[in-house]
Amino acid sequence: QVQLVESGGGLVQPGGSLRLSCVASGIMFSFYAMGWYRQAPGKQRELVAAITRGGNKNYVESVKGRFTISRDNAKNTVYLQMSSLKPEDTAVYYCNANWGTQNYWGQGTQLTVSS
């Protein structure tokens, strides 16, 4: 059974930092490209950051220079380090694992950026 379990969300003030984690089980983690998506109320889910199995990274323009995605294959974990947070970063953040036709999602973790 495949599980992706996110953690680390919460309430943070503008300008603050937070790290999200996603632990995967039931998959050969190192084979998968991993991504973080987010969905704000009334908006479509968007890709925030992704990391390939080879370690190549890409980011949506709005988070470049502020967010960093990384992975630890030994721990089956992908991280999203977020800094200089803005109210517009408020959303539910979802972890995604993708390998060919195999695509899995976590349940999401809420990030709220507010003073």
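Part of a loop (DSSP other than H, G, I, E, B), closer than 28 Å to Pro14 by Cα and without any contact (Cβ under 8 Å) to a residue 60 or more places away in the chain: is that true of Gly54 in this structure? Criteria not met by Gly54. If the condition is being among the acidic types (Asp, Glu) and out of contact with any Phe, Trp or Tyr (no Cβ under 8 Å at 6 or more places or on another chain), then the range 50-79 contributes only Glu61. Scanning the range 71-85 for residues that are open to solvent by less than 40 Å² (accessible area, probe 1.4 Å) and assigned to a strand (DSSP E or B) turns up Thr77, Val78, Tyr79, Leu80, Met82.
None of Tyr37, Tyr32 is open to solvent by less than 60 Å² (accessible area, probe 1.4 Å) and under 11 Å from Tyr94 (Cβ atoms) except Tyr37.
Considering the conditions (1) open to solvent by 40 Å² or more (accessible area, probe 1.4 Å); (2) modelled with pLDDT of 95 or more, Ala50 is excluded by exactly one of them, (1). Can you tell me which residue within the range 88-101, out of those that are open to solvent by 70 Å² or more (accessible area, probe 1.4 Å) and farther than 10 Å from Ala40 by Cβ, is farthest from the chain's Cα centre (by Cα)? Looking at residues that are open to solvent by 70 Å² or more (accessible area, probe 1.4 Å) and farther than 10 Å from Ala40 by Cβ, I get Thr101.
Residue pairs whose Cβ atoms lie under 6 Å apart, separated by 6 or more positions or on different chains, with the first residue in the range 29-51 and in contact (Cβ under 8 Å) with a residue 24 or more places away in the chain and farther than 19 Å from Glu61 by Cα and the second assigned to a strand (DSSP E or B) and open to solvent by less than 60 Å² (accessible area, probe 1.4 Å), are Tyr32/Ala97; Ala33/Asn98. Here is the figure for the range 17-43: residues that are of a type in the set (Ser, Thr, Tyr) and either in a strand (DSSP E or B) or over 16 Å from the mean Cα position of the chain (by Cα) (or both) total 4. Any idea which residue in the range 57-83 is farthest from Leu4 (Cα to Cα), counting only those that are touching a residue at least 40 places away in the same chain (Cβ under 8 Å) and among the hydroxyl-bearing types (Ser, Thr, Tyr)? Only one residue fits best here, namely Ser83.
The values are calculated or read from the model by the stated rules, or taken from the named source; none is laboratory data. Predicted model only: the values in this text are computed from it and were never measured. Ideal geometry is used to build each Cβ from the backbone, glycine not excepted, and the neighbour counts take in all protein chains shown. Note: accessible area is taken over every heavy atom of the protein model, side chains too, but ligands, DNA and RNA are not part of it. Shrake-Rupley method; radii C 1.70, N 1.55, O 1.52, S 1.80 Å.
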